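S.K.: Pasting in a structure now, in structure tokens, and then I'll have a few things to ask.
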């Protein structure tokens, strides 16, 4: 027997609302979709998983059967309901409702941080979280005006890396003052007369790298908090790099 | 007086068809949209521009007036027609119909090439063309199964870089044999036992870097043509990098 077969079921309506930032704030939960993200949640934040929503045909699927999910948390749904919940065209038939982690900023910083000032594209933000993870960064801080971590497109691009590294959201200036209290140098990515080529920068393990909005770069308020700007020398006729590309080249060079 | 005010105008129907690969092949033309791309076309491929389509309210716009467009090529359209032609939610009111460049592969290779084997996401392909331009690459070759260069999303992500560097489409194995005839080494990006960290590779100015499909990587057929595989050592718990990120890190390191 399938638990929920109707899109008008109140529980489905509530979960569907998790696609909005407002509802995620209100309930302190978010929705992940697809085998990879549900598996990553199981591996890294098992206790935070409140429900696993499974499309009926998936129950006999090998990938599902090997997943070690607490049966008490499973809710089965019809194909129609899965399509209603999904933000993708062809859904994989598996979702999880996960509690939002409230983590405190660490008393001792022991790795590099990436700071995002008003980065608006969820694909860029997710990709930078994924790359910061691969580059061994301690965390990523999403400043004001930056797209929400729990946006489904951000989560999809991050590929589960938000389960591996610390991701904070809030006023960058507050985080920067805590980083500076621990003598962490703040690098910006603006091409001004004092900017250094990234190739000339050698860093130890604690530093912070700030990148800005896709169109306008780092805001003046945040620029005032930067200790040193770095740039990527370009050879062709291209005027700029995509923000996630630029951040990735510098993250892998510095770390 | 506005030239075209109706979506059922045959010319508009024909231009709208340029959103399909089939029509682009048939007519050997494609459509670019937005101020930046039209400006890049004017700067780099002026003769290839067949028409510039302008929304009526743009005619008095400063950005438009400074653009130095041949008046004989301008067709003005209504707001409704511009919305019909556009692939974006809020269009900038300017488009150009551009002839597809038929370029021959160079007799003498004098810079690095990026080879894409079945890369499917237009954002990834466009971003790699943009980054190859910034990294000073001579060209990018889009192998079979790779998304079309003239897809509107590819063009948007490439930001006009396809006007700056050579972009070829076709069978990678044919291009590779021409590269090998000139002693150009082919690097792949697969993690096998002979793979070297990209940090240990120092290249001269002619080499080729191949990246593969987002899900399955480089195909077996293409892998057989690779001289040396390279990989990016990762520190965190992330299992992989986005293909455009990985390509960019290596392109900027090697060149």
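The values are calculated or read from the model by the stated rules, or taken from the named source; none is laboratory data. Computed from a predicted model, the values in this text were never measured in an experiment. All Cβ positions, even for glycine, are placed from backbone atoms using ideal geometry, and neighbour counts span all protein chains on display.
S.K.: With the requirement that a residue be within 14 Å of chain A (Cβ to nearest Cβ), in a loop (DSSP other than H, G, I, E, B) and buried (at least 20 other Cβ atoms within 10 Å of the Cβ), what does segment B:92-125 give you? Give the steps one after another, and end with the answer.
M.R.: Keep residues of segment B:92-125 that are within 14 Å of chain A (Cβ to nearest Cβ), which gives B:92, B:110-114, B:121-125.
Applying the additional criterion that residues be in a loop (DSSP other than H, G, I, E, B) yields B:92, B:110-112, B:121.
Across segment B:92-125, the qualifying residue is only B:112.
S.K.: Tally time: how many residues in segment A:55-70 are within 28 Å of the chain's Cα centre (by Cα) and over 15 Å from residue A:35 (Cβ atoms)?
M.R.: Number satisfying all stated conditions: 1.
S.K.: Here is a further query. Identify, please: which residue in segment B:155-167 is closer than 26 Å to residue B:88 by Cα and in contact (Cβ under 8 Å) with a residue 60 or more places away in the chain and is, among those, farthest from the other protein chains (Cβ to nearest Cβ)? Before you say what the answer is, go through the steps one by one.
M.R.: Restricting attention to segment B:155-167, the residues satisfying the condition of being closer than 26 Å to residue B:88 by Cα are B:155-165, B:167.
Add one more test, that the residue is in contact (Cβ under 8 Å) with a residue 60 or more places away in the chain, and what stays is B:155-156, B:159-160, B:163-164.
Numbers: B:155: 14, B:156: 11, B:159: 7, B:160: 8, B:163: 8, B:164: 4 Å.
So, considering only residues that are closer than 26 Å to residue B:88 by Cα and in contact (Cβ under 8 Å) with a residue 60 or more places away in the chain, the one farthest from the other protein chains (Cβ to nearest Cβ) is B:155.
S.K.: Taking segment B:228-239 as the region of interest, how many residues are surrounded by 13 or more Cβ atoms within 10 Å (Cβ to Cβ) and in contact with a strand residue (DSSP E or B) (Cβ under 6 Å, 6 or more places away or on another chain)?
M.R.: Here is the first cut: in segment B:228-239, the ones surrounded by 13 or more Cβ atoms within 10 Å (Cβ to Cβ) are B:228-232, B:234-239.
From what is left, the residues that are in contact with a strand residue (DSSP E or B) (Cβ under 6 Å, 6 or more places away or on another chain) are B:228-230.
Looking only at that region, the number is 3.
S.K.: Separate question: When you look at residue B:249, is it buried (at least 21 other Cβ atoms within 10 Å of the Cβ) and facing chain A (nearest Cβ under 8 Å), yes or no? Steps first, please.
M.R.: Numbers: buried (at least 21 other Cβ atoms within 10 Å of the Cβ): yes; facing chain A (nearest Cβ under 8 Å): yes.
So residue B:249 fits the description; yes.
S.K.: Follow-up question, since we're still on this one. What residue, among those in segment A:192-207 that are in a strand (DSSP E or B) and more than 25 Å from the chain's Cα centre (by Cα), is surrounded by the most Cβ atoms within 10 Å (Cβ to Cβ)?
M.R.: To start, the set of residues in segment A:192-207 that are in a strand (DSSP E or B) comprises A:196-197, A:207.
Those still in the list that are more than 25 Å from the chain's Cα centre (by Cα) too: A:196-197.
Working: A:196: 12, A:197: 10.
Applying the filter and picking the extreme gives A:196.
S.K.: State all residues of segment A:225-246 that are more than 9 Å from chain B (Cβ to nearest Cβ) and either assigned to a loop (DSSP other than H, G, I, E, B) or touching a helix residue (DSSP H, G or I) at 6+ places or on another chain (Cβ under 6 Å) (or both); if no residue qualifies, say none.
M.R.: At the first step, the residues of segment A:225-246 found to be more than 9 Å from chain B (Cβ to nearest Cβ) are A:225-231, A:233, A:243.
A:225, A:226, A:227, A:230, A:233, A:243, listed by residue number.
S.K.: Taking segment A:80-91 only, how many residues are part of a loop (DSSP other than H, G, I, E, B) and either surrounded by fewer than 17 Cβ atoms within 10 Å (Cβ to Cβ) or not assigned by TED's automatic domain parsing to the domain that holds residue A:37 (or both)? Lay out the reasoning, then the answer.
M.R.: Here is the first cut: in segment A:80-91, the residues part of a loop (DSSP other than H, G, I, E, B) are A:86-91.
From what is left, the residues that are either surrounded by fewer than 17 Cβ atoms within 10 Å (Cβ to Cβ) or not assigned by TED's automatic domain parsing to the domain that holds residue A:37 (or both) are A:87-90.
Adding up the residues that qualify gives 4.
S.K.: Does residue B:77 count as more than 14 Å from chain A (Cβ to nearest Cβ) and surrounded by 17 or more Cβ atoms within 10 Å (Cβ to Cβ)? If you could, list the steps in order and put the result at the bottom.
M.R.: Working: more than 14 Å from chain A (Cβ to nearest Cβ): yes; surrounded by 17 or more Cβ atoms within 10 Å (Cβ to Cβ): yes.
Yes, satisfied.
S.K.: Considering only residues of segment A:9-45 that are out of contact with any helix residue (DSSP H, G or I) (no Cβ under 8 Å at 6 or more places or on another chain) and not in a helix (DSSP H, G or I), which is surrounded by the fewest Cβ atoms within 10 Å (Cβ to Cβ)?
M.R.: In this case the residue turns out to be A:28.
S.K.: Which is away from chain B (no Cβ under 14 Å), crowded, with 16+ Cβ neighbours inside 10 Å and part of a helix (DSSP H, G or I), of A:210, A:222, A:128?
M.R.: Details: A:210 fails: part of a helix (DSSP H, G or I); A:128 fails: away from chain B (no Cβ under 14 Å).
Residue meeting the stated conditions: A:222.
S.K.: Another question about this same structure. Could you list, in sequence order, all residues of segment A:135-154 that are within 10 Å of the chain's Cα centre (by Cα), within 14 Å of chain B (Cβ to nearest Cβ) and either farther than 18 Å from residue A:249 by Cα or surrounded by fewer than 19 Cβ atoms within 10 Å (Cβ to Cβ) (or both)?
M.R.: A:153, A:154
S.K.: Can you pull out every residue in segment B:168-186 that is touching a strand residue (DSSP E or B) at 6+ places or on another chain (Cβ under 7 Å) and touching a residue at least 60 places away in the same chain (Cβ under 8 Å)?
M.R.: B:168, B:175, B:176, B:179, B:184, B:186 - these are the residues of segment B:168-186 that are touching a strand residue (DSSP E or B) at 6+ places or on another chain (Cβ under 7 Å) and touching a residue at least 60 places away in the same chain (Cβ under 8 Å).
S.K.: Let me ask something else about it. Determine whether segment A:176-184 contains at least one residue that is more than 16 Å from residue A:126 (Cα to Cα) and within 21 Å of the chain's Cα centre (by Cα). Reasoning before the result, please.
M.R.: Applying the first criterion (more than 16 Å from residue A:126 (Cα to Cα)) to segment A:176-184 yields A:176-184.
From the residues that got through so far, the ones that are within 21 Å of the chain's Cα centre (by Cα) too are A:176, A:179.
Yes, segment A:176-184 has at least one match.
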